[in-house]
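One structure below.
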Amino acid sequence: MKRIITLALVAAFVLSMAGFASAKEVKMKAQMTTGVSFINNTDFADDNAEEDFSAKQRMRVYFDYVASESVNAVLGLEMNHTWGQEGAQLGTDGNKVVVKHAYTNFVVPGTEVAVRVGLQPFAFKGAYGSPIFDDDAAGVVVNAPINEALSLSAAWVRAYDNLSAQAGDVDLFTLAAPVQGEGFNVTPYGAFAAIGEGAFNHMKATQGDVDNAIMAADGLLANGATATDKDARAYWAGVNFEVTVLDPITIKGDVIYGAVAADEDNNDRSGYFADLGVEYKAGFGTVGVVGVYGSGNDDDADNGSEAMPVLNDSGFGLTSFGFTGGQWTGTDSILSGGASYDIAAAGLYITDLSFVEGLSHKVIALYGTGTSEDASYSAVTDDDTFLEVNFDSNYQIYENLAAVVELGYIYMDKDNGSDDDAAKAAFYLKYSF
């Protein structure tokens, strides 16, 4: 019965789009990713014998209904399945179809101001991706060019809406001012989150039912915070920059400060994050050096957290194992941990390394330590050290079909001696059309 209902819905949608297409243009694109991964010891615990092998697939389909150069609407559908689980077990017949994107673009008549309204991709700008947020969100984004060099971008995002009226809501307001010059670009930005009465508690209580609620709660509140029923507020101020005037040398980086002011000192959170990279484009690829530093927690839980607050850990993709650079959620982020970037590290990498047509590689080695004093706050403290090595490859089999391999290893040296290394091997097929 579920299969019949699903087919009927798809058929009705296609027929309706075909009707629209008789007068307007409908574009479609899609991506099918299928992969297997083996991950070992992601918590770095000695003798834990934790191993995880899984096979997954993801289908994303986007329909773009174009009314004119000034107006269009996009619907994106996503189907995720883990082989052997509901919808992908014997007999399959899964019904895990979700709406990923559903937004409208339009240009304000008589101006160059562009507006996007709905469920859309939303991110803060970052040299290696944003440590604050880089995902999807529901809201309104307005982009207004001022002149050839300067533009303004403002957004309102409804981050959390408590429909039961048992607690307040969370609204995020952002403003960025990208500046484009000859041989450089710089983007200063700010963000403010109004956190309603009791919203933290409600997000915690409903973490099993509300998507990403635990990320919003743990990433904003101080670690080990007590219950808070009062209003709170969070804010960030940052700048992203890139200098290309020295081509083939590029310098890029970010400096960010963020804070949360809650009703009690132990619920407060404030800290900073910075990264800096220098790249050189060579004939065989791009060679880069990078440094990362995020403030960490002291050993006193009563004064709150000294790590920068984050909305979720989905954007800082420096590596494909320790950070969020992996093809699939669940195979990465084991160093950043989802709630903070209390890490200091330096590394060397080569991207777009290629000796065979259609085959490219990224190699990175990153050595670092934690910046938090207490192990209860972070997986890596300031007494621990780690060395991460990744070797990622992409082979373009056909124009629309690619094979991707991600290999990662993290050597962990904990001060308490109860440590073990982590390893990852993942293979994906990506078909795009």
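The values are calculated or read from the model by the stated rules, or taken from the named source; none is laboratory data. None of the values given here were measured: they were computed from a predicted structure. Cβ sites come from the backbone with ideal geometry, for glycine too, and all protein chains shown count toward neighbours. The area values use the complete protein model at the heavy-atom level, side chains included, leaving out ligands, DNA and RNA. Shrake-Rupley method; radii C 1.70, N 1.55, O 1.52, S 1.80 Å.
What's the FRET efficiency of Y398 with F355 using the Cβ-Cβ distance as r and R₀ = 30 Å, to the nearest 0.05? For R0 = 30 Å, the calculated efficiency reads 0.90.
The length gained on full extension between F173 and A144, counted as 0.36 nm times the residue separation minus their Cα-Cα distance, comes to 8.8 nm. When only Cα pairs below 8 angstrom with a gap of at least 6 residues are kept, the range 252-402 shows a relative contact order of 19 percent. Per residue, the convex hull spanned by the Cα atoms of the range 77-196 amounts to 174 cubic angstrom. Extension gain for the segment K27 to A45, taken as residue separation times 0.36 nm less the Cα-Cα distance, is 1.6 nm to one decimal.
Annotation: the range 272-400 has a Kirkwood hydrodynamic radius of 15.8 angstrom, from the mean reciprocal C-alpha pair distance.
On the principal axes of its alpha carbon atoms, the range 247-320 extends 56, 19, 19 Å, with the longest extent given first.
Any chance you could tell me what percent of the C-alpha pair distances in the range 353-417 go past 21 Å? For the range 353-417, the share of Cα pairs beyond 21 Å comes to 45 percent.
Computed over neighbours whose Cβ is under 10 Å from that of E406, the net charge equals 0, Lys and Arg +1, Asp and Glu -1. Taken over the range 130-191, the alpha-carbon convex hull comes to 97 cubic angstrom per residue. Accessible surface calculations at 1.4 Å, restricted to protein heavy atoms, place the range 296-433 at 41 Å² per residue.
Largest first, the residues W83, W236 sort by 1.4 Å accessible area into W83, W236. Full extension of the segment from D161 to T92, taken as 0.36 nm per residue of separation minus the current Cα-Cα distance, would add 21.5 nm.
Projected over all directions and averaged, the alpha-carbon convex hull of the range 84-128 occupies 6.2 nm².
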